[in-house]
1. Hey, S81 hits all of (1) over 18 Å from N204 (Cβ atoms); (2) without any contact (Cβ under 8 Å) to a residue 24 or more places away in the chain; (3) in contact with a Phe, Trp or Tyr (Cβ under 6 Å, 6 or more places away or on another chain) but one; which does it fall short on?
2. Across the range 181-191, which residue is surrounded by the fewest Cβ atoms within 10 Å (Cβ to Cβ) among those that are within 14 Å of the ligand (Cβ to nearest atom) and not in a loop (DSSP other than H, G, I, E, B)?
3. Tally time: how many residues in the range 1-33 are over 22 Å from M95 (Cβ atoms), modelled with pLDDT of 50 or more and open to solvent by 70 Å² or more (accessible area, probe 1.4 Å)?
4. All but one of (1) more than 14 Å from the ligand (Cβ to nearest atom); (2) in contact (Cβ under 8 Å) with a residue 24 or more places away in the chain hold for L151, so report the exception by its number.
5. Look at A199 and say whether it is without any contact (Cβ under 8 Å) to a residue 24 or more places away in the chain and open to solvent by less than 50 Å² (accessible area, probe 1.4 Å).
6. Return only the number of the condition from (1) open to solvent by less than 70 Å² (accessible area, probe 1.4 Å); (2) of a type in the set (A, V, I, L, M, F, W, C); (3) within 16 Å of the ligand (Cβ to nearest atom) that V205 does not satisfy.
7. Looking at the range 103-117 only, could you name the residues that are closer than 15 Å to V148 by Cα and open to solvent by less than 30 Å² (accessible area, probe 1.4 Å)?
8. Scanning for something open to solvent by 10 Å² or more (accessible area, probe 1.4 Å), within 14 Å of the ligand (Cβ to nearest atom), at pLDDT 95 or above and out of contact with any strand residue (DSSP E or B) (no Cβ under 8 Å at 6 or more places or on another chain), does the range 173-180 turn up at least one residue?
Amino acid sequence: MSRGRPDAGFFFARGRLETIRTIAWMKEKARAARQEQRIVGLVPTMGALHAGHLALVERARQECSPVYTSIFLNPKQFSASEDLSRYPRPLEKDMAELKAARVDGLFLPDAAEMYPPGFSTYVQVEGLSERLEGRSRPGHFRGVTTVVLKLLEIVQPNYAYFGRKDAQQAGMVQKMVRDLNLDTEIVLCPIVREEDGLAMSSRNVYLTAEERKAAVVLFKALKAVEEALRSGVLDTARLQKTMRKVLDAEPRAKVDYAEIVDAETFEPVAQVGRRSYTVLAVHVGKTRLIDNLLMESDGDGVRGVL
Ligand code: AMP
């Protein structure tokens, strides 16, 4: 048994998960940890946790102590026509999972705590926030960057963990951190998938059984791009054709966008570069799903990372 750290498993398995509901208390806890020279990790989520979220927590636990997870269903990133009111909120289950994952505290503010009456300050990453997801969901990214900036200011973590599932969101948060000189390092973690390849998402529960089967088409389309890449195709027009063929063969799928873009700017590229993304947003029934393939070049050419 290691001597450095108390046997956290024992205490956390028996104790209860500390739930922090106020900004003042969250600040105080994180400040005390920083003062003790501890490495503070933050995993921001909107709850309805699945293995994708828990992989972020696990990575954070390897690198930080304490690890805080936030659950905040941020109203500012949903438009009036979106799914805020029916978004799943299985709080008890989430708390049990966070406890089992041994996080040190759950930051669980309500909307009035985060946005008291008169709140009127927003942050926006220009350019990047207007493309792809930003174009399809106007105002969405302004809500995301505003809440993430608030969370990063409240906790001031050394590291904050984001999933590549939301690649554009993560890219934007990284840019915001750079542009505003924040003292947090953003750690980007791989996409966690279901057995058939569908990227895990809190929204997958909206899918009917038939739609759930059809939803695997996103993965199939990305897989087709990956295979074409492996055979040496770098021309994005050709790759896009390959991807469209797969998507168009699924009658339940309606493509919002399917593009190949630079991994920093999210601008379209004609050739797959050093780092690019194939990004997809597809409606399956009433549910909008996103996924992506990271394409990076190493010494041996370009490879795709699903
Ligand atoms: P959300 O609760 O959907 O806002 O997601 C919280 C964090 O979990 C974000 O950084 C997401 O990118 C990440 N995440 C969600 N789904 C996955 C997944 N399937 N694999 C990896 N990370 C994920």
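1. Only one criterion in (1) over 18 Å from N204 (Cβ atoms); (2) without any contact (Cβ under 8 Å) to a residue 24 or more places away in the chain; (3) in contact with a Phe, Trp or Tyr (Cβ under 6 Å, 6 or more places away or on another chain) is unmet by S81, namely (3).
2. Checking each candidate, the answer is L188.
3. 1
4. L151 satisfies every listed condition except (1).
5. Answer is no for this residue.
6. (1)
7. Passing the criteria: F107, L108, P109, M114, Y115.
8. No, the range 173-180 has no match at all.
The values are calculated or read from the model by the stated rules, or taken from the named source; none is laboratory data. Here the structure is a predicted model, which means the values were calculated and not measured. So basically every Cβ, Gly included, is an ideal-geometry build from the backbone, and we count neighbours across all protein chains shown. Note: accessible area is taken over every heavy atom of the protein model, side chains too, but ligands, DNA and RNA are not part of it. Shrake-Rupley method; radii C 1.70, N 1.55, O 1.52, S 1.80 Å.
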